1. Membrane-span-like helices in chain B: DSSP H runs reaching 18 Å or more (Cα, own axis), mean Kyte hydropathy at least 0.0?
2. Lysine pairs in chain B with Cα distance under 24 Å, only those 8 or more apart or on different chains: how many are there?
3. So which residue, out of A:Arg165, A:Arg82, A:Arg274, gets the largest mean-square fluctuation from a GNM of chain A using Cα contacts under 10 Å as springs?
4. In nm², what is the average projected area of the convex hull enclosing the Cα atoms of the protein assembly as shown?
5. Where the convex hull is taken over the Cα atoms of chain A, what is its projected area averaged over directions, in nm²?
6. Among B:Ile33, C:Ile188, A:Val250, whose Cα sits farthest toward the positive end of the charge dipole of the protein assembly as shown (+1 at Cβ of Lys/Arg, -1 at Cβ of Asp/Glu, about the Cα centre)?
7. For chain B, build the convex hull from the C-alpha positions and give me its volume per residue in Å³.
8. Out of the total accessible area of chain B (probe 1.4 Å, heavy atoms of protein only), what percent is carbon and sulfur?
Amino acid sequence: MQIIASGLIFGCIYALAALGLVLIFKTTEVANFAHGEMAMITTFISYVFLSKYGFPYLAALGLALLFALVFGIVVYVLVMKRVQSAPHLNQVVLTLGLFMIFNGLAGLKWGYQPTSFPEAFHGDPFKLGSIFISTNEIFTVGLTLVLMLLFFLLFRFTKAGLGMRAASQDIMASELMGIKVSGVFMGAWAIGTALGGIAGMMTAPVTFLSPNMMGEVLIIAFAGAVLGGFNSLPGAVIGGLIVGVFENLVSYYVAPELKIVFTFLLIVVVLYIRPQGIFGGAKIVKKV
Amino acid sequence: MKQLFTNRKPWLFLLVLLFLAYPFIVGQSVYLISIFVMVCVYAITAMALDLLIGFGGQVSIGHAGFLSVGGYTVAILTTKLGLPFLLVLPLSGVITGIIGLLIGLPAVRLSGNFLAVVSLGFGLSIPQIALNWDSLTGGYSGLPLARPEWLSNDSQFIYVIILMTVVIIWILHNIVKSRLGRAFVAIRESEVAAQATGINVPLYKTLMFVISAFFTGIAGGLYGYWIGFVSPNDFSVFTSFLLLGMIVIGGLASIPGAIIGAIIFTVLPELTKSLIGLTNIIIGIAIVGIILFRPNGLISLLEMFRIKKPSKKVMDEQEVYLSDLEQGGAARDANV
Amino acid sequence: MLTFKDVTVKFAGVTAVKDLSFEVPQGNIYSIIGPNGAGKTTVFNCISRFYTPAAGTIDFNGKNILKLKPHQVIHEGIARSFQNVELFAKMTVLDNLLVGLHPTLKKNIFSISLNLPSVKKTEKESIKKAYEVMDLLSITDLANEKVRNLPFGYQKMVDIGRAIISSPKLILLDEPVAGMNPVETKKISELILRLKKEMNYTVLVIEHDMSLVMEVSDFVTVMNFGQKIAEGTPQEIQKNPVVIEAYLGEVEENAQIV
């Protein structure tokens with residue numbers, strides 16, 4: 001029980017990161033391999049606010065998210081916008097290039113020495129039923145749930161959400177219908193980066209703050225996103241939770257070092273049975 | 001096609017000559033020789049990866065995993081079973097090819113980003129498995145291996161590497177310009193039409209993975225023999241990214257492109273070594289810059305140069321074609 | 001030669017083709033016409049085995065082709081072109097045609113890797129064959145052009161060329177003159193007639209362009225809403241009131257839109 005609960009808690013972080021990935025992919029069709037590094041930089045920014053300027057946690061979080069929104073927009077406008085219609089491979093390699101730049105810059109500025117990062121709430125774990133849980137973990141889960149809810153409402157019921165859904169279906173038609181596609185894409189990058197940033201700030205207390213902290217998280221988040229079908233937002237959340245639990249089970253029952261190996265075996269098995277992921281839509285047969 | 005091919009022959013010849021002469025040019029410099037070996041290893045891998053990605057359109061972001069498999073294969077077969085070099089080196093390709101088959105079988109059902117993530121998982125898993133399978137791989141401390149007596153000298157072994165590189169360039173060149181290569185490109189361009197022309201798409205996709213893994217395994221084997229030691233940290237996910245960068249920077253679906261990319265991305269980190277912490281940034285900027293400004297890779301510079309002075313005959317054809325284009329284009333517009 | 005018997009195709013509950021039966025005799029040019037959405041291309045996609053009918057059988061020379069996979073169909077001697085040209089866009093015209101020869105070539109990976117004389121010889125023969133086809137279509141000048149740079153009319157030609165290069169027994173042409181101007185249409189209809197007269201091919205055509213259908217067809221089947229509503233010689237079809245109502249009416253509507 002405890003293992004599953006801890007798995008779900010870390011799964012929330014994967015889910016947040018995966019949600020950002022899928023949001024960007026669903027609207028702009030770019031698989032952003034620099035997602036984790038952008039989250040890492042956001043986390044460093046929040047750390048600067050926290051430690052250097054002594055802001056309270058929530059204020060630092062807010063400011064960092066503001067930064068993430070701008071960061072996402074800047075990356076989109078300066079770089080990604082120009083390869084919107086380029087082959088997917090070019091886009092993927094481009095984000096890998098950004099990955100290296102961000103990783104290098106962070107290393108240059110803040111060094112590769114891991115630093116401890118504060119939790120949102122301190123306090124010893126307490127017992128809830130048969131499982132131990134800390135205030136900070138409750139905060140993580142709560143924040144994730146609130147964000148997801150907010151997000152689904154936004155996507156489903158606002159005009160911006162409608163624009164995003166439309167743009168992801170057909171860029172040209174959306175533009176003809178008066179939707180500003182580049183604005184929508186900008187929004188997706190901004191919100192996606194912010195979601196990643198939150199995931200980063202939730203990760204940092206566990207893994208310590210360093211330029212390489214998000215590498216593994218991103219990869220597992222990718223796995224979760226793929227499991228969920230890669231273009232389904234609820235799929236990303238559930239996929240993230242599944243890999244979180246699965247990874248924790250493997251760590252406990254097999255070996256912690258092999259969690260990535262097993263997670264990917266899971267992915268291969270799932271995709272072999274359902275090539276479009278658990279929540280991916282039916283495979284579209286190309287009309288000829 | 002034929003014209004281009006005959007144009008390419010002197011280039012290839014020049015390349016081979018340069019390869020053969022290199023050890024003489026740099027003399028006994030161990031440093032330059034070892035960079036050269038890495039260029040060869042990465043060039044073979046990049047070409048093999050290009051066969052899969054550039055020609056076949058199947059993404060792999062875990063190719064460093066195959067390099068590791070190749071390296072470990074030679075180490076294990078030499079150290080644990082005492083097999084001779086001439087048997088081990090081909091076996092490093094065969095065994096890696098079999099792993100490629102195992103990866104390829106599920107991969108044929110996947111496309112695009114799904115395949116990317118699965119291959120990434122493979123690339124991440126191999127070092128982890130190597131790290132944890134102590135009895136076979138020596139775990140964290142790795143495995144040492146020795147070259148046979150007659151190749152123990154580096155200046156002898158480098159000719160094995162050169163020979164292998166040249167032969168593999170030739171074989172891959174033969175494959176991509178043959179019916180197989182055409183079938184791979186056809187799958188990349190349209191799976192529906194490929195099927196309609198009788199191409200067994202799942203079979204050929206698996207075949208691509210096997211061929212690509214085979215040659216990558218040999219590159220890994222050569223690397224293992226060269227260094228005389230394999231460990232889990234030899235090739236990381238970072239290496240996979242770099243390989244991907246090589247073929248995109250050089251120019252996809254081009255063997256010379258893959259070689260150019262391999263040279264640049266082997267030499268560039270060496271040049272920037274002194275600027276600690278800047279290596280990643282510089283490589284990253286190089287990737288971003290080239291994708292933004294030369295999306296068809298550096299090889300497209302060469303092709304631009306070629307088009308600048310076409311022969312008289314080609315010029316005439318060009319004109320005929322252009323006038324056709326205007327008429328036909330107008331007809332199409334009218335109907336669309 | 002090709003026999004459809006009570007073929008029904010359904011997509012997620014929608015019936016695209018219902019109880020369709022017809023037979024294409026050898027050496028004929030057989031046309032299927034009908035308004036948009038009548039299920040014509042679905043018929044082709046069943047023959048190409050991209051779709052599998054919910055009921056019914058499709059036999060080719062007495063062999064049940066529903067047992068085949070898409071890539072095996074051409075080995076039986078059935079080749080096709082596509083409505084919206086499915087060419088290999090970044091390959092040259094020559095290479096596109098050479099891919100069309102794929103089923104006829106031996107694919108021994110070792111002799112290919114080493115570029116043995118046997119491979120060189122068959123490659124040379126293939127290229128010769130490709131040039132013959134290009135001559136037939138008068139597109140020889142474009143041999144080394146990338147297909148995506150060609151105007152649509154030429155792409156259609158290459159698509160047809162790719163279908164005929166492997167010398168199939170039956171050629172399926174999906175709207176061969178859609179998007180072509182009258183001059184190009186004339187060229188294609190001459191080509192189709194030559195395929196039949198000089199090379200003894202059997203051709204199954206789906207087409208909107210009535211002038212082409214009336215000119216080349218030996219026999220016409222008319223479909224509407226997935227069902228066969230009439231069949232006969234072009235002359236019979238032109239007079240058939242059901243066809244005029246269903247099909248020609250739609251053409252007028254179309255004309256107004258254009």
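1. B:2-26, B:30-50, B:63-79, B:85-107, B:112-132, B:154-176, B:201-227, B:237-250, B:255-271, B:279-293
2. Close lysine pairs under the 24 Å cut-off: 11.
3. Checking each option, the largest mean-square fluctuation is seen for A:Arg82.
4. Working: hull surface 162.0 nm².
It is 40.5 nm².
5. Orientation-averaged projected area of the Cα hull: 16.3 nm².
6. B:Ile33
7. 165 Å³
8. Details: 9760 of 13960 Å².
The nonpolar share, carbon plus sulfur, comes to 70 percent.
The values are calculated or read from the model by the stated rules, or taken from the named source; none is laboratory data. Quantities reported herein were computed from a predicted structural model and do not represent experimental measurements. Neighbour counts run over all protein chains shown; Cβ positions are idealised from the backbone, glycine included. The area values use the complete protein model at the heavy-atom level, side chains included, leaving out ligands, DNA and RNA. Shrake-Rupley method; radii C 1.70, N 1.55, O 1.52, S 1.80 Å.
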